[in-house]
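Chemist: Here's a structure for you.
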Amino acid sequence: MTDNNLSISIDAAKTIGLSEAALLETIQKVIKTTGVHELNLEQMLEETPFWSLSELKQILQNLSKKGLIKSLADNNKFLLVSA
């Protein structure tokens, strides 16, 4: 990610949680800058060094339960669900 600033919607943070909104914004930025839609845990750990692997997995699981991302077969990769 070339820009290290995140702009998080207050409404999104209220609705889905602050960590979830921050990760969702990060995912969207990675997709926008790389053009790759299938992301993996390693990429996200590099982009979010402030979270541990277990924290990141929990936030991804929360986003998946809310239908915002879809985990792929090996559970180390995921896709952003289009609105």
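The values are calculated or read from the model by the stated rules, or taken from the named source; none is laboratory data. All of these numbers come straight from a predicted model, not from anything done at the bench. Positions of Cβ are backbone-derived with ideal geometry, glycine not excepted, and every protein chain shown enters the neighbour counts. Side chains are part of the model used for accessible areas, which takes the heavy atoms of the whole protein and leaves out ligands, DNA and RNA. Shrake-Rupley method; radii C 1.70, N 1.55, O 1.52, S 1.80 Å.
Chemist: Just flag the GluC sites (Glu not before Pro) in the range 22-83 sitting in loop per DSSP whose Cβ has no more than 16 other Cβ atoms within 10 Å.
Modeler: Here no GluC sites (Glu not before Pro) fit, given the DSSP loop and packing criteria.
Chemist: Related question: At 1.4 Å probe size, with no ligands or nucleic acids counted, give the accessible surface of Ser64 in Å², nearest ten.
Modeler: Only protein atoms counted, so the area is about 40 Å².
Chemist: Go ahead and estimate [θ] at 222 nm for the chain from helices alone: -39,500 (n - 2.57) per DSSP H run with n ≥ 4, summed, over the residue count, rounded to 500.
Modeler: It lands at -16000 deg cm²/dmol.
Chemist: Could you check how much of the accessible area of the chain is carbon and sulfur, as a whole percent, using a 1.4 Å probe?
Modeler: C and S atoms contribute 51 percent here.
Chemist: Can you work out the accessible area per residue across the chain, with the rest of the protein chains kept in place, probe 1.4 Å, in square angstrom?
Modeler: With the other protein chains kept in place, the chain gives 64 Å² per residue.
Chemist: Right, next: Classify the chain: rounded, prolate or oblate, from the alpha-carbon gyration tensor (a ≥ b ≥ c, eigenvalue square roots; a/c under 1.5 rounded; otherwise prolate if a/b is larger than b/c)?
Modeler: rounded
Chemist: Moving to a separate point now. Could you check which residue among Thr26, Thr15, Thr48 shows the biggest mean-square fluctuation in a GNM of the chain with a 10 Å Cα cutoff?
Modeler: With Cα springs under 10 Å in the chain, the top fluctuation among Thr26, Thr15, Thr48 is at Thr15.
Chemist: What residues have an amide H closer than 5 Å to that of Lys77, excluding those fewer than 5 places away on the same chain, when H is modeled at 1.01 Å from N in the peptide plane?
Modeler: So Lys77 has HN proximity to Leu72.
Chemist: What are the residues whose amide H is under 5 Å from the amide H of Ile69, where those residues sit 5 or more places off or on another chain and H is modelled from the backbone?
Modeler: Placed amide hydrogens put Ser64, Val81 under 5 Å from Ile69.
Chemist: How big is the charge dipole of the chain about its Cα centre, in debye rounded to the nearest 20, if each Lys and Arg gets +1 on its Cβ and each Asp and Glu gets -1 on its Cβ?
Modeler: 300
Chemist: Whole-Hz Karplus ³J(HN,Hα) for the range 47-53, in order, using 6.51 cos²θ - 1.76 cosθ + 1.60 and θ = phi - 60°, x for Gly and Pro?
Modeler: Karplus-based 3J(HN,Hα) across the range 47-53 equals 7, 10, x, 7, 10, 7, 4 Hz.
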